[in-house]
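These notes are about the structure you will find just below.
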Amino acid sequence: MTDVGATLRPGGLGRIEQAWHYRGFGMTLRSDMPIAELTPGTIADPGQVDVEIVRRNGLRPANGVSGAVDYDFRSEPRGTDRFHWRDVGSFAVVRDDRIEYEPNDDVGPDLLSLPLLGTVMAVLLHRRGRMVLHGSAVGMAGRAVVFVGDKGAGKSTTAAALAAAGRDVLTDDIVALGQSSDGGVRLLPGHAQVKLSQAATDHLNLTEARILARPYAGYEKQRHVFDSAFDTDPMEVSDIFILARGTLGIEALRGTEALKAVMRYAYLSRFGPRLY
């Protein structure tokens, strides 16, 4: 759904001339830029919005990100987390209900959505009390199956292969987990997208998905979005698989051993004590 009109921000922090509403990660989001990967949502009451995504000038450092650093993160004592990507722009997570951004010149939504739906969203979800893992998930028999692992282990490729076999992709990159009233673990579906190498794209031939334009010329992966009906309701998690290169086989982990293994792939581990 698209709302056209002016919406004044609390505290006078900017205006939205055109708003897009989405559902994802267990939240309703209102953004002043389109986000092609997310599922459009319908908003009857402005009070239903959980998170606002708003452009705000003045976020970028005056001198840019120094030296040869591609990325910088800073957590401020007053509760704002700031991110700067040299080739993209800047973001700020303000409280747990607002994301602000300022792109570099000539940077559009296709490129901005990469860090927004990755690191920035992971930090916001963590602030909202969610366990956030770096992985992918698909729906199987009415429950969610999660895949985590190191870079290149095949998380997205595994999810895409299962999608080619008729399963539903529930999220890629950000796996947001919450607790149900009965103490179980539930996945908060993010978006029906996978990012694949060209080799995986050619091999899997995902005819049910459309491919988004590359956000910049040297971007190595293809972003596949499945346009079939996407259920954003929380889903019980049946299994979490840790993918690793090596001899084919499955080893069951339980108790503390399983918890330690999964926590290795928490997004929070990328920031450590700098975050909270």
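The values are calculated or read from the model by the stated rules, or taken from the named source; none is laboratory data. No experiment lies behind these values; they were computed from the predicted model shown. Counting neighbours? That spans all protein chains shown, and the Cβs are built from the backbone with ideal geometry, glycine included. The area values use the complete protein model at the heavy-atom level, side chains included, leaving out ligands, DNA and RNA. Shrake-Rupley method; radii C 1.70, N 1.55, O 1.52, S 1.80 Å.
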So what is log10(I(q)/I(0)) for segment 138-276 at q = 0.10 1/Å, when the Debye sum runs over its Cα atoms only? -0.37
What part of the accessible area of the chain, given as a whole %, is carbon or sulfur when the probe is 1.4 angstrom? 49
Give me the percent relative contact order of the chain, please, defined on Cα pairs under 8 angstrom at least 6 residues apart. 16
Efficiency of FRET from Cβ geometry, THR28 and ALA199, R₀ 30 Å, rounded to 0.05: 0.20
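Need one word for the chain: rounded, prolate or oblate. Basis is the Cα gyration tensor (sqrt eigenvalues a ≥ b ≥ c); a/c below 1.5 gives rounded, then a/b vs b/c decides. Numbers along the way, then the final one.
Numbers: a/c = 1.42, a/b = 1.39, b/c = 1.03.
Cα axes put the chain in the rounded bin.
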Virtual spin-label span in nm between ALA229 and MET140, 7 Å along Cα→Cβ: 2.3
Could you provide, to the nearest whole Å², the per residue accessible area of segment 103-209 with probe 1.4 Å? 39
Once ligands and nucleic acids are excluded and a 1.4 Å probe is used, how much of TYR71 is accessible, expressed in Å² to the nearest 10? 70
Extension length gain for THR247 and TYR219 (0.36 nm per residue less Cα distance), in nm, is 7.0 nm
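Given +1 on the Cβ of Lys and Arg, -1 on the Cβ of Asp and Glu, and no further charges, what dipole in debye does the chain carry about its Cα centre, rounded to the nearest 20?
Values: 32 positive and 34 negative charges, 148 e Å.
With only Lys, Arg, Asp and Glu charged at Cβ, the dipole is about 720 debye.
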Whole-angstrom Cα spans of segment 91-173 along principal axes, big to small: 41, 32, 23
Roughly how tilted is helix 155-164, in degrees to the nearest 10 and between 0 and 90, from the longest Cα axis of the chain? 70
Determine, from the Cβ-Cβ distance of THR207 and GLU76 and an R0 of 35 Å, the FRET efficiency 1/(1 + (r/R0)^6), rounded to the nearest 0.05. 0.15
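Quickly rank 151-157, 224-230, 191-197, 242-248 as a protection proxy: mean count of other C-beta atoms within 10 Å, highest first. Working shown, then result.
Values: 151-157: 17.4, 224-230: 15.6, 191-197: 24.0, 242-248: 10.0.
Highest-to-lowest ranking by the protection proxy: 191-197, 151-157, 224-230, 242-248.
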